[in-house]
Amino acid sequence: MVLKRDSNIVKNAIKLKQKKYRDLEEKFLVEGIRFVEEAINEGVVELILYSNSIYELNGYDRVLNNDIIKYEVEESVIKELSNTTTPQKIIAVARKPKLEVKENVSFVVVIDKVQDPGNLGTIIRTCDAAGVDAVYLIKGTVDLYNDKTLRSTMGSIFHIPVVQYNSFKELCDELYSKGFDIYASCLNGENLYAHNFKNKTAIVIGNEANGMSEEDIELCNKKVKIPMLGRAESLNASIAASIMVYEVVRQRI
C-alpha cells in the first residue's frame, strides 16, 4: 500500500519540519541515500519513507535492505517532506543522537549565537575532521536540526558530541573548573599565531554579523584574532573557525 498525504504516519513526519515538534519528539528528518545510510549505521533510524522512483538511484539497496520499518509514499509526499529542489526519493525519521562527551577532553569549540545554518553545519564538519572532542552550542544559535545545518554537516552530526547550553557563563565556569583556557575571537585580540594551544583549549566562534558580545568576551581569559593583511574587513564564520581549529591541530600534531 502506498501512503498518501492524509496518513497519520506522513502527517507526523511532516510535523518534524518544525523545530517545536523536533524538540518535543526528540526526532528529526534525514534526507538522501547517503545520509539515511549513515543514520542507519548509527542505529538512530525509526522508520523510512520512500517513493517508487528510488529504484532509479544507485545505492537504493543499501537503505532498503534492512529490518527497519518502511513505507512507500506518493512522490508528492517526498517533495513536501524534502527541503531540496531535487529530492533523493527517501526520508528517514531518526532519533536525535546522544553522543556523550568523554571525561578527559582537551579541545572543544563553542558556537556563540551563529545564525547561518550552513555555517553551523560546516563548523561541525570541520570539528569532526580535526578531531575536536566536543562542540557546544550557546542558546541563540541556529537550530542544530535545521535541514540546511544537517546537510552541511555531511553526516558529522553522528560523529562528534554536540551539546547545547542555555548560558555561556555556565559553560565557561564548567570549562574553567576543568582547566581550560577559553579563547574569544574578537577584533582587539592578540595574533592567533602567537599563542600556544597545547594546553586544554576552548575556541569560541561568535555571531556572523556582530561577533561575540562584550559580556561574553570578558568571560574568556584569552582573546585572539586572525591577522587580516588585505582589505577585507572580516571572514566568513565557518572559514574563521576552520583557521583557528587547524592552528590548534597544527601545534598538536
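Could you tell me whether ILE203 is aliphatic (A, V, I, L, M), surrounded by 15 or more Cβ atoms within 10 Å (Cβ to Cβ) and either in a helix (DSSP H, G or I) or touching a Cys at 6+ places or on another chain (Cβ under 9 Å) (or both)?
Values: aliphatic (A, V, I, L, M): yes; surrounded by 15 or more Cβ atoms within 10 Å (Cβ to Cβ): yes; either in a helix (DSSP H, G or I) or touching a Cys at 6+ places or on another chain (Cβ under 9 Å) (or both): no.
Considered against the rule, which asks whether it is aliphatic (A, V, I, L, M), surrounded by 15 or more Cβ atoms within 10 Å (Cβ to Cβ) and either in a helix (DSSP H, G or I) or touching a Cys at 6+ places or on another chain (Cβ under 9 Å) (or both), ILE203 comes out as no.
Among GLU174, GLU247, which is surrounded by fewer than 17 Cβ atoms within 10 Å (Cβ to Cβ), in a helix (DSSP H, G or I) and either modelled with pLDDT of 95 or more or more than 22 Å from the chain's Cα centre (by Cα) (or both)?
GLU174
Any chance segment 44-66 includes a residue that's among the basic types (Lys, Arg) and open to solvent by less than 40 Å² (accessible area, probe 1.4 Å)?
So the first thing to find is which residues in segment 44-66 are among the basic types (Lys, Arg), and the list is 62.
Next cut, open to solvent by less than 40 Å² (accessible area, probe 1.4 Å) only: none.
No, the conditions are met nowhere in segment 44-66.
Restricting to segment 142-157, and then to whatever is open to solvent by less than 10 Å² (accessible area, probe 1.4 Å) and either assigned to a helix (DSSP H, G or I) or aromatic (Phe, Trp, Tyr) (or both), can you tell me which residue is nearest to ASP116 (Cα to Cα)?
Only one residue tops the list, namely THR149.
Within segment 99-141, which residues are over 22 Å from LEU175 (Cβ atoms), free of Cβ contacts under 8 Å to residues at least 40 places away in the same chain and open to solvent by 10 Å² or more (accessible area, probe 1.4 Å)? If you could, list the steps in order and put the result at the bottom.
Taking segment 99-141 first, the residues over 22 Å from LEU175 (Cβ atoms) are 115-119, 121-122, 125, 129.
This time we only want the ones that are free of Cβ contacts under 8 Å to residues at least 40 places away in the same chain, so: 117, 121, 125, 129.
If the condition is that a residue be over 22 Å from LEU175 (Cβ atoms), free of Cβ contacts under 8 Å to residues at least 40 places away in the same chain and open to solvent by 10 Å² or more (accessible area, probe 1.4 Å), then PRO117, ARG125, ALA129 are the ones that fit.
Quick one: what pairs do we get from segment 66-93, first residue on the phi > 0 side of the Ramachandran plot, second in a strand (DSSP E or B), C-beta under 7 Å, 6+ apart or different chains?
If the second residue must be in a strand (DSSP E or B), the pairs left are LYS89/TYR50.
In segment 26-40, what count of residues is obtained for those that are part of a helix (DSSP H, G or I) and either free of Cβ contacts under 8 Å to residues at least 24 places away in the same chain or open to solvent by less than 40 Å² (accessible area, probe 1.4 Å) (or both)?
Step one: of segment 26-40, the residues part of a helix (DSSP H, G or I) are 33-40.
Next, from what is left, pick out any that are either free of Cβ contacts under 8 Å to residues at least 24 places away in the same chain or open to solvent by less than 40 Å² (accessible area, probe 1.4 Å) (or both): 33, 35-36, 38-40.
Residues that pass the stated criteria total 6.
Can you name the condition, by its number, that LEU235 falls short on among (1) touching a residue at least 24 places away in the same chain (Cβ under 8 Å); (2) hydrophobic (A, V, I, L, M, F, W, C); (3) under 22 Å from THR141 (Cβ atoms); (4) in a loop (DSSP other than H, G, I, E, B)?
With (1) touching a residue at least 24 places away in the same chain (Cβ under 8 Å); (2) hydrophobic (A, V, I, L, M, F, W, C); (3) under 22 Å from THR141 (Cβ atoms); (4) in a loop (DSSP other than H, G, I, E, B) applied to LEU235, the lone miss is (1).
When you go through (1) under 18 Å from SER106 (Cβ atoms); (2) in a loop (DSSP other than H, G, I, E, B) one by one for MET228, which number turns out not to apply?
Of the numbered conditions (1) under 18 Å from SER106 (Cβ atoms); (2) in a loop (DSSP other than H, G, I, E, B), the odd one out for MET228 is (1).
The values are calculated or read from the model by the stated rules, or taken from the named source; none is laboratory data. Please read these numbers as outputs of a predicted model, since none were measured by experiment. Glycine also receives a Cβ, built like all others from the backbone with ideal geometry; neighbour counts cover every protein chain displayed. When the accessible area is computed, the model is the full protein with side chains, heavy atoms only, and any ligands, DNA or RNA have been set aside. Shrake-Rupley method; radii C 1.70, N 1.55, O 1.52, S 1.80 Å.
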